[in-house]
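The values are calculated or read from the model by the stated rules, or taken from the named source; none is laboratory data. Computed from a predicted model, the values in this text were never measured in an experiment. Positions of Cβ are generated from backbone atoms using ideal geometry, with glycine treated the same way; all protein chains shown enter the neighbour counts. Accessible surface areas use protein heavy atoms only, side chains included; no ligands, DNA or RNA. Shrake-Rupley method; radii C 1.70, N 1.55, O 1.52, S 1.80 Å.
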Amino acid sequence: MPRDSLSTAIRLREVTISELLVEEGFMRKFKLFANLFLVVFLFSVLFGCGTVPTKKEPETGAGPVFYPPLPNAPRIQYLASFSSAADLGKAKGGFADFVVGKDPRETVAVKKPYGVAINDGKIYVADTGSGAYAVFDLRAKKLSYVTGSGGGRMVKPINITVDKDGTKYVSDTALNQVLAFDRDDNFVKAYGVKDQFKPAGVVVTADKVYISDLKNNKIHVLDKASGKTVFEIGKSGKNIGELYYPTNMVIGPDNFLYVTEIGNFRVQKFTLDGKPIRAYGEAGDRPGQFARPKGVAVDRHGNIYTVDAAFENVQIFDSEGRLLLFFGSPGGNREDINLPTSMVIDYENAPLFQQYADPRFKIEYVILVASQFGLSKVNVYGYGRMDGMDYTVRAPVPQMEAPAQKEPAAQGSASPGGGALQGGAPPPPLAPVPE
């Protein structure tokens, strides 16, 4: 090769090597900065906007929801709703879901609830649409489903109650039995034989199981250990002590049995050995009357709470039958109740919900209400007092509205609220409501 050509080739070789070295250094720097940027971005997503919340605020359009509404002295505040695992506060969302994937368990939702109970930081929901009961674990922030197995596999669970030892009792209207599950949700026992009853409500004492019978219009009282009938309460009829379509039940803090009757439009009070005491309510479209009473609960003051599936609200009576307050209404907001079915009052777990309340509102106990339609399947309300407010004056609020033909509520519709009752013109006549 000529000297000039060799010199040119050497210079080109040097330029090429120099360019490659420059390019290689640039690429190393580029990869370093790219990786650093990705780490910083993911860290900000996962530990910034994607942090698991410690508190879920009620998703309403106008701040806290009280009954009666401010500026009146409120007695009840809507706190939270539980319909799916996302309501427990673990959903990440956004880019974090894209990177690490969305947990499919967070999309699991209650389909068609009826009964509701709460015990030891867990909300139990009898889900007729899933043939199981759902367990919302408030401390572990986890939703699980229990279907049962073998002879304890549920078909159409309606009501659920939890004993002091953690045993769950579930009435199933397809099996015509009451199923018992232990603290760890293992099936342990079935109550009822063929054609004995069509169960709706179920409550328990230390040694007995009380089961309301939709078919025979009576309450069966069974020995908890053997399952044998000890005695029965009531017979078909409309007089005091008689029953017609008994549904939900509760044993109050006063140690009396309260039974709702859809057919007689009332709540009856019995001693635990079956002696009738009195009845509350009657058929009608005025406050203090019922169209379709279902869920019932009693607080430590002796006040009786009754869910009406037609009025779609909760009415509260004192022990003498005087109407004190009503709250709730149908609609598309989270605080609304749509075709409500059952309810429970609880004191022991109330501290778990204080975080949802207005800082000035101190909760005494919580009220859980199950709805079969609408945005929220289980609503939690707190009963208490607002610091610095005068509770000697009763708030003037509107009359209840008569029920209309039920359709699933549209999201975003208005919520009339509730409160202490006042005088005024009666609401329009009742319209038919489907089962």
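Among 112/198; 215/269; 112/238; 189/228, which pairs are too far apart, with a Cα-Cα distance over 22 Å? Over 22 Å apart, Cα to Cα: 112/238.
Give me the percent of accessible area attributable to carbon and sulfur for the range 247-290, probe 1.4 angstrom.
Values: 760 of 1600 Å².
The C+S portion of the solvent-accessible surface of the range 247-290 is 48 percent.
Given a 1.4 angstrom probe, what's the average accessible area per residue across the range 208-296, in square angstrom?
Using a 1.4 Å probe on heavy atoms only, each residue of the range 208-296 averages 40 Å².
Other residues within the sphere of radius under 10 Å centred on the Cβ of residue 139, judged by their own Cβ, net out at +1 (K and R +1, D and E -1). Within the accessible surface of the range 174-213, defined with a 1.4 Å probe on protein heavy atoms only, the carbon and sulfur portion equals 45 percent.
Extension gain for residue 226-residue 111 works out to 38.0 nm (0.36 nm per residue, less the C-alpha to C-alpha distance).
Each Lys or Arg adds one and each Asp or Glu takes one away; over the other residues whose Cβ falls under 12 Å from the Cβ of residue 205, this sums to -1.
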